[in-house]
Structure formats: C-alpha cells, structure tokens
C-alpha cells in the first residue's frame, strides 16, 4: 500500500535557509551542506523558499535555479515542500502555472499579506490556489508577519471543500484557534506547528509535527523531540524541549533568519549573511546565541 503524503509529513519539516556568499549570491555549496546536515540527521521533509529561506528577496531566476538544485540534491531522500504564496492572487496563479513541479510534493502557501483581506477574501484566494495547484496545498497562517489570519472556521471550510488542501502550518500563537482546528478537522488534515517554542504543547494536544527553524542547526535533537511527542513520550520530549528552548527564543530576538544564520555560522555551515532589508543580529544577541549554542551537547 502506498504511503500517503500526509503520513510522510508527520514529524519535522525544516524551513531551510538560503545561504548567501559575501558577494550576496546564493551559496550553493553551503546550501548542499545544510541539506545533507538536516536530511542526514533525521528530519522528515524539507520546506524550500519559505520565510526562513528569504523567498521575498529571491529573483525569479534564483528561485528557478534553487528549485532545480534542491530537487537534484535531495534526490527523493525526503519529501520537498515549496513555499509559494503571495498577496496578488492572479500573479500567484501565474507563478503556480510557471513552476516546474517535478519532484515537488506540496506547496506551502502563506495567507495574503498587506492587503488585509476579509475571511471571505482569504477563502476565495485559497479556493483559486487549490484549483490551480497540481500538488497538495498546505495553508500557512502567520499574523505576526502578514497582518492577516486564517481563522479556524475558514481553515475548516477549505479543508472540507478541497481534497488537495491537506494541512495548515499554524503560527498564529492562538491556542484557542489551534485547539478548534485539532478538535474539528476532517480526518487526515494536518495541523503543523509553525513555532518551535510551542511545538511541545501542540503535540500534546494532537498536532502532527512542526515546520522548524531551529532544526536547521539541530535536526537530530529537534526531530527526536517531535517523535517523542508524537509517540506520547512527553518525558523524553520535555528533556529536549528544555535543552533547546532558551536558544530557540534567542534566535528570534533580533529578527529571523538572522538568528539561525548566526548559529549555522558557528557550526561552519554557512556565512552569517542575510539580504536587505534584513541585517544580521546585533552583537549582544550574537553573543547570547553563541553562549547558548555552546551549552547544548
């Protein structure tokens, strides 16, 4: 019997960074190292060109090249989810039609930002995305970045209405909203934590895993924590959660992905470079990240 995609996406997905060279070009050598580091240490899947991947500052040519490179280097080892969203619905549909989907398993599509659509507008946006996408769709709500939120009622309406909308990355931080999803979702619909710091309690409530930032640096530990939680071993999960929680919090104190890139630089995996308008973390936060990083076994 063929394993369902939803089963393959239970666990830890890593929101992979896009490394840059000192000349601000994509650092494909570093990117391959990070892919091998995460896949080799047990994450269940890769999420390419999400927020952590600085997709907003990648050109169309860079996006195409990065997709081709990732597909080739991942080489079917784990599923690949592609970040593909926007706040111009018609332009997003053109992007979907122009994307080479060979060996891409699903898309992660963020709630439209800046325009501040109503829930009806959000529903209509994702209805069109679902009808256009040749692969399954994972919704993504992250109000702290987008100033818009996919309400639980809207998510459930989309989940029940479109068989290829298979889950949501929930980064609202709203526990009541997430609990409503977990209580009322249709069978097989994935509720995925979008926040490393609260993944443990969400797993306890029945969530299916996480799309993680810290797993760029600590894929083995964090994916083990998630598997402990999915298997009901919260003693084991708590131990890893508390080992990593201070570093997780520090990663976001002065902007993301600046924090995780500082950590990956400490591991000699990539340069500590982000693209404007982002800048690297400040000296005090870098010092804190280094201190916390060195305390982790």
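None of the figures in this text is laboratory data; all of them are computed from the coordinates on show. Everything quoted here is computed from the prediction, not taken from an experiment. Backbone-built Cβ (ideal geometry, glycine too); neighbour counts: all protein chains shown.
Here are the numbers for this structure:
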item: Single residue of 90, 95 found to be more than 25 Å from residue 208 (Cα to Cα), touching a helix residue (DSSP H, G or I) at 6+ places or on another chain (Cβ under 9 Å) and surrounded by 13 or more Cβ atoms within 10 Å (Cβ to Cβ); result: 95
item: Identity of the residue in region 260-283, in contact (Cβ under 8 Å) with a residue 40 or more places away in the chain and in a helix (DSSP H, G or I), that ends up surrounded by the fewest Cβ atoms within 10 Å (Cβ to Cβ); result: 264
item: Every residue from region 250-259 that is surrounded by fewer than 19 Cβ atoms within 10 Å (Cβ to Cβ) and either within 16 Å of residue 22 (Cα to Cα) or out of contact with any helix residue (DSSP H, G or I) (no Cβ under 8 Å at 6 or more places or on another chain) (or both); result: 255
item: Considering residues of region 284-296 that are touching a residue at least 40 places away in the same chain (Cβ under 8 Å) and outside any loop (DSSP other than H, G, I, E, B) only, the residue farthest from residue 27 (Cα to Cα); result: 292
item: Residues (part of a loop (DSSP other than H, G, I, E, B) and either more than 28 Å from residue 186 (Cβ to Cβ) or in contact with a helix residue (DSSP H, G or I) (Cβ under 7 Å, 6 or more places away or on another chain) (or both)) located in region 197-243; result: 206, 207, 213, 217, 218
item: Any hit, region 185-193, residues being free of Cβ contacts under 8 Å to residues at least 12 places away in the same chain and over 19 Å from the mean Cα position of the chain (by Cα); result: yes
item: Count of residues meeting criterion [farther than 12 Å from residue 8 by Cα and under 18 Å from the mean Cα position of the chain (by Cα)] in region 68-86; result: 8
item: Some residue of region 202-217 being in contact with a strand residue (DSSP E or B) (Cβ under 8 Å, 6 or more places away or on another chain), surrounded by 16 or more Cβ atoms within 10 Å (Cβ to Cβ) and more than 21 Å from residue 139 (Cα to Cα); result: yes
item: Flag for residue 136 being at negative phi and in contact (Cβ under 8 Å) with a residue 60 or more places away in the chain; result: yes
item: Wholly within region 100-188, helices (runs of 4 or more DSSP H) carrying at least 2 residues that are touching a helix residue (DSSP H, G or I) at 6+ places or on another chain (Cβ under 7 Å) and surrounded by fewer than 21 Cβ atoms within 10 Å (Cβ to Cβ); result: 119-132, 152-161, 175-184
